[in-house]
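Input: a single structure, listed below in structure tokens.
The values are calculated or read from the model by the stated rules, or taken from the named source; none is laboratory data. Keep in mind that what you see is a predicted model, and the values were worked out from it rather than measured. Note that we place each Cβ from the backbone using ideal geometry, even for glycine, and neighbour counts take in every protein chain shown.
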Amino acid sequence: MTTRTVDGVRDAIEAWLGRFSFRTKLAVVWAFIFVALAVLFVAFQFDTQFMVDWLPYILGGVPLTILISVGGILLAVPLALVAALARISSNPVLYGVSGFYISFIRGTPLIVQIFFIYLGLPQLASYAPEALAPLFILGSVTSGILALGLNYGAYMAEIFRAGIQSVGYGQAEAAQALGMTRWQTTRRIVLPQAVRTIIPPTGNEFIAMTKDSALVGIVGTQELFFRASKIGRQYFHSLETPSSPR
Amino acid sequence: MDTNPIVSLRNVCKWFGQNEVLKDITMDVASSEVIVIFGRSGSGKSTLLRCVNLLEEPTSGHIEVDGIGFEAGPHTSRLRRATVHDIRMRTGMVFQEFNLFPHLSVIQNVSDAPGTVKKMQKKDAEELGMHFLEKVGVADKKDEHPIRLSGGQKQRVAIARALTMQPKVMLFDEPTSALDPELIGEVLAVMKDLAGELGMTMMVVTHEMGFAREVANRMVFMHEGSLIEEGPPAELVRGAKDPRTQRFLEAVL
Ligand SMILES: Nc1ncnc2c1ncn2[C@@H]1O[C@H](COP(=O)(O)OP(=O)(O)OP(=O)(O)O)[C@@H](O)[C@H]1O
Ligand SMILES: [Mg+2]
């Protein structure tokens, strides 16, 4: 008897739920999450006045975050292109060096690379000729851009290589039969076709880099994350500060 | 017909690893001659054509195109590049799969190489391109992209693209094999005009026996990397001496 009743109730609920579309249900789920967060916000006594007070300071890091990301991508794209072309060349030096670059960078954490460039390079300066020494001592922004550019260059090299190899070999043959050199073939025939497969994942990389630029804050660059965590630690409000710029 | 050969192959061998694909090929092609090369799949027909414009480098032997010689063997990369370039400037190639450039319009397909390779002014290159597009009957498609063309139109554009470089010899590797049957005729007609009107020297890999009989001066049968037998189409088709040629002809006719 009871199982009957349970089944009956279940069927009724199912029928009732069936009247709503997936989108409606999804909206309800999101509303619940939002409410739950708001409850937490109140329960943990988020200091809203504190957030409002420090928001301008933290948002002051936005231009630097953008600068680092854009600088990083501007460095990463040409690096990735060169590394990808080297990776498919038959020249053993180019092939070997690009292979080392790609696996080394992909095999070590970004944070280590940032520290290496910011703190490790200056140490090498003492071995360099005096005139060149300043080149090894980089500001935190410059080293951040350099680290992100090198890092993303290696990941994007694989994207570029796949894009270039997705262009059929017949294309290169046709171009060479017409008398084009290898470079002319690459530049005029292969790359323009590869770009179509390369662009969407490159956009994703740019978004990922914008987020990874937070790591650069660790070496004292006053970008968004650095400012947020500095204020957070200083006033024991670390829950609020990373939330405020969002 | 000029008796001085415009293409000559001397003892050309080609190995792919352990596989001997061309076995001591020696042949001459006279200026304005049309040669049809036929034989079973895998007999080395494509490789032979591709050795003429050095898309494949022969393992040994000598190739000469319009006075430019290439001896197989070690070369400095500068010499090799220069010779390869000189030979490719004298040869045009048409592929089974067309290999048109999909990111370029028809007129760009035909005029890009003259601009890039010969440093021709864009206007002149396009004018020359239009001339050949008219010749092959696709001038009205000049601003379309290849994807919008039928197979027959694509192959005719590919022929115009090769002609715009003004080669001395045209190499056709099964130019109609990827086409629907009703489109084969329009491409063969263009090739026939090319042989007749322009007196173009042509090496054609094809199994279109009607075309061969009508247009070719000479047919060459290849088998397992060797030239087995050759002769004027009428004679070869009716009176092949080698049993392998006879068997193949029976199968395709
Ligand atoms: N790049 C290559 N690497 C290794 N082997 C190859 C290569 N190109 C061709 N071959 C081999 O050489 C032989 C001859 O090939 P080829 O393409 O010249 O034959 P074909 O007569 O043109 O055949 P089809 O009628 O199928 O086009 C085949 O056995 C093929 O597998
Ligand atoms: Mg073939």
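Within the range B:219-236, the presence of at least one residue that is of a type in the set (D, E, K, R) and either over 25 Å from B:VAL21 (Cα atoms) or assigned to a helix (DSSP H, G or I) (or both) is confirmed. Scanning the range B:14-65 for residues that are in contact with a Pro (Cβ under 8 Å, 6 or more places away or on another chain) and of a type in the set (Lys, Arg) returns a single hit, B:LYS14. The residues listed here are B:GLU197, B:GLU186, B:GLU174; of these, the one that is within 18 Å of the chain's Cα centre (by Cα), closer than 30 Å to B:VAL237 by Cβ and surrounded by fewer than 17 Cβ atoms within 10 Å (Cβ to Cβ) is B:GLU197. Filtered by the rule that a residue be touching a helix residue (DSSP H, G or I) at 6+ places or on another chain (Cβ under 8 Å), touching a residue at least 40 places away in the same chain (Cβ under 8 Å) and within 12 Å of chain A (Cβ to nearest Cβ), the range B:62-92 gives B:MET89, B:THR91, B:GLY92. Scanning the range B:152-162 for residues that are away from ligand 1 (no atom under 16 Å from the Cβ), at negative phi and not in a helix (DSSP H, G or I) turns up nothing. Taking the range B:52-61 as the range and being within 14 Å of chain A (Cβ to nearest Cβ) and surrounded by fewer than 16 Cβ atoms within 10 Å (Cβ to Cβ) as the test, only B:GLU57 passes. Regarding the range A:117-124, can at least one residue be identified that is closer than 30 Å to B:MET170 by Cα and either assigned by TED's automatic domain parsing to the domain that holds A:ALA214 or surrounded by fewer than 17 Cβ atoms within 10 Å (Cβ to Cβ) (or both)? Looking for residues that are closer than 30 Å to B:MET170 by Cα and either assigned by TED's automatic domain parsing to the domain that holds A:ALA214 or surrounded by fewer than 17 Cβ atoms within 10 Å (Cβ to Cβ) (or both), one finds none in the range A:117-124, hence no.
Matching residues to (1) of a type outside the set (A, V, I, L, M); (2) in a helix (DSSP H, G or I); (3) within 20 Å of A:GLN165 (Cα to Cα); (4) touching a Lys or Arg at 6+ places or on another chain (Cβ under 6 Å):
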| residue | (1), (2), (3), (4) |
| --- | --- |
| A:PHE50 | yes, yes, no, no |
| A:LEU67 | no, yes, no, no |
| A:LEU74 | no, yes, no, no |
| A:VAL77 | no, yes, yes, no |
| A:TYR101 | yes, yes, yes, no |
| A:GLN113 | yes, yes, no, no |
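No other residue among B:VAL12, B:VAL7, B:VAL29 is more than 18 Å from B:LEU194 (Cβ to Cβ), among the β-branched types (Val, Ile, Thr) and either away from chain A (no Cβ under 14 Å) or more than 16 Å from ligand 2 (Cβ to nearest atom) (or both) apart from B:VAL12. Picking from residues in the range B:1-26 that are surrounded by 19 or more Cβ atoms within 10 Å (Cβ to Cβ) and of a type in the set (A, V, I, L, M, F, W, C), the one that is farthest from B:ASN217 (Cα to Cα) is B:VAL21.
Only one of B:GLY39, B:GLY44 is under 27 Å from B:ARG213 (Cα atoms), in contact with a Gly (Cβ under 7 Å, 6 or more places away or on another chain) and within 16 Å of ligand 2 (Cβ to nearest atom). Can you tell me which?
Residue meeting the stated conditions: B:GLY44.
Residue-by-condition table, conditions (1) away from ligand 1 (no atom under 16 Å from the Cβ); (2) within 23 Å of B:GLU208 (Cα to Cα); (3) in contact with a Ser or Thr (Cβ under 7 Å, 6 or more places away or on another chain):
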position: B:HIS145; (1), (2), (3): yes, no, yes
position: B:LEU171; (1), (2), (3): no, yes, yes
position: B:GLU174; (1), (2), (3): no, yes, yes
position: B:LEU179; (1), (2), (3): no, yes, no
